Amino acid sequence: MLSIEGIHASYGGLKALVDVSVKVDEGQFVAIVGPNGAGKSTLFKSISGTVNAHQGQILWGGENILTMKAAHRALLGIAHVPEGRQVFKELSVYENLEVGAQSPKARAEASRNLEQIYTLFPILKERSTQLAGTLSGGEQQMLAIGRGLMSAPKLLMLDEPSMGLAPKITDLIFERIQEIHRDTKIAILLVEQRVAEALSPCNYGYVLRSGQVAMEGSPDKLTHGDDMREAYLGM
Amino acid sequence: MIVLENFFQSLIAGLLIGSLYGLMCVGLGLIFGLMRVINFAQGEFLMLGMYGAFYVFSWFGLSGILGPVLAALVSSLFSFGLGWIIHQFLLSNSTGRAVAGTEGDGHYQQLILTLGVSLVLANGALLVFGNLPLSIRTPYASQAWELGPLADDGMLMFFFNQARVMALLAAVVITGATYLFISRSRIGKTLRAAADNPDAATYMGIDVTRAHRISFSLGVAITAIAGGLVASYYPFQPYIGLEFVVIMYAGVVLGGLGSIMGPFWGGLIIGIVQQLSALVLPMQLQNGTIFVLFLLVILFRPQGLFGKNVERV
Amino acid sequence: MQLLRNNIYAQLGIFAFVYLTSTFFIDDNYFRFVLSTVPIWAIMGISWNIFSGYTGLVSFGHAAFFGIGAYTVVILSMTFGISPMIGIPLGCVGGLIGGILIGYPTFRLRGVYFALAMLAYPLTLLYIFEWMGYQEPTIPMRTGDEAFWHMQFENPFYNIVVSVVLMSLAIWVSHKIHSSRFGLSLTAIKQNEAAAESAGLDSAKWKMRAIMVSGALAGLAGGWYAALVLVVTPNSVFGMLTSSQAMIVTLFGGVSTVWGPVVGSLVLIPTSEIIQATVGEKLHGIHGVLLGVAIILMMLFAPDGILTKLKSLVFRSNKHADAGTPEVTVPVRDDTASKRSLSSEIMLDVRGLSVSFGGLQAVADVSFQVHKGEVLGIIGPNGAGKTTLFNLLNGFIPASAGEIIFADTNLVGLKPNQVCRLGVGRTFQVARPFSRLSVLENVIVGAFAKDADDETARKHALEALGRVGMLGHAEVLAGGLNSLELRLMELARVLAGRPDLLLMDETLAGLGADEVEIMLSTLNHLADQGQSIVIIEHTMQAMVRLVDRFIVLNHGSVLAAGEPAAVMKDPLVIEAYLGKKWVNNAEH
């Protein structure tokens, strides 16, 4: 479904990604982990189009979207839940979710999806008229995920959902992400720093280091061995 | 008694003109609130709204008490189109996503670019229309509804100029409609989202540049309607824009940037202050009071009465 | 040619000579008049440039100073019979005072608000003067000898001479600023105010100085203008056109250059006068339209000015003509050398430092010490509070609790430039160099805080460049550097201030393997020489080869501290990075 082949990307004038290839099949849960500065966010942004990748291809359903504008890509069925949540602070929770449904398909399914999101994250229903900027970090993360789901996507991409959140909330969020994966046919691409949380529910994982894919494989394969610790801690 | 009557009459005058100032400010507030762009040409769009309304009024022979209002509305369509074109070809490159994150967020370029636009529009109007002052004259402009006599000695009497009351009603209705549009409609929410967080909006599939274009054209059109309505108050000529620019910015700053209704109240207050100051100050200083008020607000309470965004040290 | 390039007096001499002689060929009185006003607008352009060009704060209100100068001359002459020879200098002073009065309240504003406020000042003055009855004050015509002493010269040639003299004065002032610490400090502030403050520059002071000089020059221009035209109206001096014209000639000719405004004035003023005189009579407003179109085109295609654009095109070709770019000198260091012996003297003592933002504890009760000559690494997962900690140390954020003891002073509550002056230097992640200036000019800014003397500053800047191995790059334009060189230049800038403690924020991010090697060697070399360093980094492998000790932050508090080997095996640390379940899984 999504196939990234040999892309290179720069961010802030520096080489952030070198010859990176990642694949996500329909209904799959793929995790991308790696230490800070490894290029995870840049990879995410290359897929969404806010960073221009060059060389290689990004295939979505067979079509190369490497040069497609960011706003267009969003309407293809790829939902982005960006780093740091990025909710619309001056809009209410309900309005945030509403705005998430931009494509005709999403708008048609809007009320049904909204109900599902409220069931998944009841706190959002409770706070539906509150301004998004007044929510706690965890609630904003749920809102951001809900907003992404409102676009009726085939692929849900999450960029470091645990960042800045307390461990308990992080656990809750990861639980819900797993639930989404189980109950719907949506594929998930999770970019995370926290290795264990990311690897346990996934079908396949990639480890990024210094802009390149250092390792890939099933969660089992990745969790055993010293390679992971070396990638993160340097020794 | 006379003093009281003068006071209230000035208050009424202030409300009448203030509602139009308020409408102008709503237009500018949209541009500033939704795009974070400071548009120096806003006064010129006001002026073009005046000329547009004048010609629509004359060519179509619009009569009746709502004639000027209709003329203003029709002419605003042209202003919307003009705003669209200007944004597409000129402003897109120095505002919004193109410059977000660059030095000063492109403010410098954008300020001066709109100054250039203002010069072209004002002098272009001079070229095309000449400098003979024009105004929209209807019989209603010299008719007034009377209220009174009130008070025990039957002396208190208030006059409500008919044309101006119509203009006030139009201003209030349009402001209300704008508020509802921006806060309740789907497009309005999309515009607000694009202003709130352009990156996240792009992630949603919103074309931020296009959203800005709509906001800009809408803001320009609304100010143009206000211009068309003011056209029946005073004679106007191509350079009149500059007189109103500071009023508009004063109103928006006073009411508070980042809010839809705030600028309306700001403009209203300015209108009232201006008319009331005529009671105690000579004519030349009336506009001076607006500037002073403006400076005071900027220096001591930049967020205004209802606003949210402030750039301060 | 080289002599001409650098000698302002030679440039001025030649320019004045050419200008004055060419006027001999002009017979028409109107054009003679135009030639005497061109320098006035050049002065206005220079005035605007000195303020807005260098600081980046757009002023739409320079007409205020111009008008003050003009009215000073007119009123003194009209009411008191005082000659403009005295009136003009007084007008200059008036402009300077105006600068202070306007600058003081307005500098607290930023961006949009600043521009709006500046717009309001001249318009307010316009209304005030109109109200006071000065709609058309006129300088009385004088005859005979008196005329001369009141600067009403019979021969228009003298007017041109006075204009050229005053303009030369303005150019000289501009030149002095441009090539001195005044100009460089302003440029630094415009480029990155945070970094400039960290380098010890008091931005408020420099902006005030800039507006004072700017106001004085504009007052000078206004004063002479009044003496020349004899009749002044509020609109002609306080109006928008005055401010716009000052801006436009500068933008056209080139912002932040000495001769830019002059070139702009030379080209635009006569052009617009000619248009006005020929077509303008029939087509009212064509002048303004063309001016507006010119501004729009300029902003779209050459926002830094025509002159600057031309210069960059010329320079680009020159660069290729030069011999290849110099190499960075890498200090040789034996990696297996024995560990640095740590002094027991404490350089920095942080006690219970805390700060919260909107209910979130970003830094919670952090305490640690840095020994003299030590390299301390601060690590931790993303969002742990590392950069926030630096911002606290540096003075960008006020701590809500705790103390930072450095050089027997508590740094909490001090402004960044004060912290810098005490001896703390800080590098930033995003390096924003002055691309059109040389590496040395970029670096010397770091020395200004400590060295009052320009020569000493230069010496220290060169020394700093030597310490990072960039001495060969001193005269290279910063715009052509690669990322490693930029980082080293940034480091040199901080070192030019000879800090006792160096705070480095993610210096290695994004560098390739070879570049990391060079940077590590350089840093190790500095440390070996006794420099105390605190460094935030993510690249673990590099860090362990540099630091003496680690501090691990997580969720704003100190998780672990100690020597690299111990810290990296600490289960708490592993958990912080890899997750709780990891520790359970991986233990085998």
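Where a number appears in this text, it was derived from the coordinates with a stated rule and is not lab data. Keep in mind that what you see is a predicted model, and the values were worked out from it rather than measured. Note that each Cβ is placed from the backbone with ideal geometry, even for glycine, and that neighbours are counted across all protein chains shown.
Within the straight-line cut-off of under 20 Å between alpha carbons, the aspartates and glutamates reachable from residue C:415 are B:311, C:193, C:197, C:202, C:349, C:403, C:451, C:500, C:505, sequence neighbours fewer than 8 places apart in one chain being disregarded. Return the inverse of the average 1/r over all pairs of distinct C-alpha atoms in segment C:161-311, which is the Kirkwood hydrodynamic radius, in Å to one decimal. When all Cα pairs of segment C:161-311 are included, the Kirkwood radius is 17.3 Å. Size descriptors for chain C (Cα atoms only): Rg and Dmax, in that order, 29.2, 108 Å. Neighbour counting of Cβ atoms within 10 Å sorts the residues C:272, C:180, C:256, fewest neighbours leading, into C:180, C:272, C:256.
Database remark: amide H of residue C:363 closer than 5 angstrom to the amide H of C:355 (H placed geometrically; neighbours at sequence offset of 5 or more, or on other chains; Pro and chain starts carry no H).
Sites counted here are trypsin sites (Lys or Arg not before Pro) in a DSSP loop (not H, G, I, E or B) having no more than 15 other Cβ atoms within 10 Å; the longest part of chain A that contains none of them is A:70-184.
Computed from Cα atoms, the angle from the helix C:513-528 axis to the main principal axis of chain C rounds to 80 degrees. The residue C:22 and residue B:234 beta-carbon pair, evaluated with R₀ = 41 Å, returns a calculated FRET efficiency of approximately 0.25. Take the convex hull of the alpha carbons in the protein assembly as shown; its mean projected area over all directions comes to 51.0 nm².
Extension gain for residue C:108 to residue C:276 (0.36 nm times residue separation, less C-alpha to C-alpha distance): 56.4 nm.
When chain B is modelled as a GNM with alpha-carbon springs shorter than 10 Å, which of B:184, B:192, B:137 fluctuates the most? In this elastic network of chain B, the residue with the biggest mean-square fluctuation among B:184, B:192, B:137 is B:184. Note on A:40-50: average number of Cβ atoms from other chains within 10 Å of each residue's Cβ is 1.
Normalised by the number of residues in chain C, the mean separation of alpha-carbon contacts (under 8 Å, six or more apart) gives a relative contact order of 15 percent. Working from the Cα coordinates of chain A, the gyration tensor eigenvalues give, after taking √(5λ), semi-axes of 28, 21, 16 Å in decreasing order. Zone of residue C:301 (label point 7 Å along Cα→Cβ, backbone N under 20 Å): which residues in segment C:267-293? Those under the cut-off are C:267-269, C:271-272, C:287-293.
In this structure, the pairs whose alpha-carbon distance is over 23 Å, taken from C:190/C:311; A:45/A:168; A:40/A:105; A:23/A:221, are A:45/A:168; A:40/A:105. Where only DSSP H runs of four or more residues are counted, the protein assembly as shown gives -18000 deg cm²/dmol as its mean residue ellipticity at 222 nm, each run worth -39500 (n - 2.57). Exposure proxy for C:250, C:233: other Cβ atoms within 10 Å of each Cβ, ordered fewest to most, give C:233, C:250. Calculated over segment C:2-240, the projected area of the Cα convex hull averaged across directions stands at 14.2 nm². Remark on chain B: hydrodynamic radius 20.0 angstrom, per the Kirkwood mean of 1/r across alpha carbon pairs. Entry note, segment C:2-240: relative contact order of 41 percent, from Cα contacts under 8 Å with a spacing of 6+ residues. Computed from the Cβ-Cβ distance with R0 of 30 Å, the FRET efficiency linking residue A:3 to residue A:112 stands at 0.50.
Taking label positions 7 Å along the Cα-Cβ direction at both residue C:180 and residue C:312, the computed distance is 2.9 nm, reported to one decimal.
Peptide C:389-398 has a mean shielding of 0, counted as Cβ atoms of other protein chains within 10 Å of each residue's Cβ. Over chain A, Cα pairs under 8 Å with separation of 6+ residues give a relative contact order of 29 percent.
At an R0 of 56 angstrom, the distance between the Cβ atoms of residue B:2 and residue C:267 translates into a FRET efficiency of 0.40.
Of B:159, B:216, B:54, the residue with the greatest mean-square motion in the GNM of chain B, using alpha carbon springs below 10 Å, is B:159.
Segment C:402-475 and segment B:173-190 have their alpha-carbon centroids 52 Å apart. The fraction of all Cα pairs in segment C:66-184 landing in successive 5 Å bins from 0 to the largest distance is 2, 9, 13, 17, 18, 16, 12, 8, 4, 1, 0, given as whole percents.
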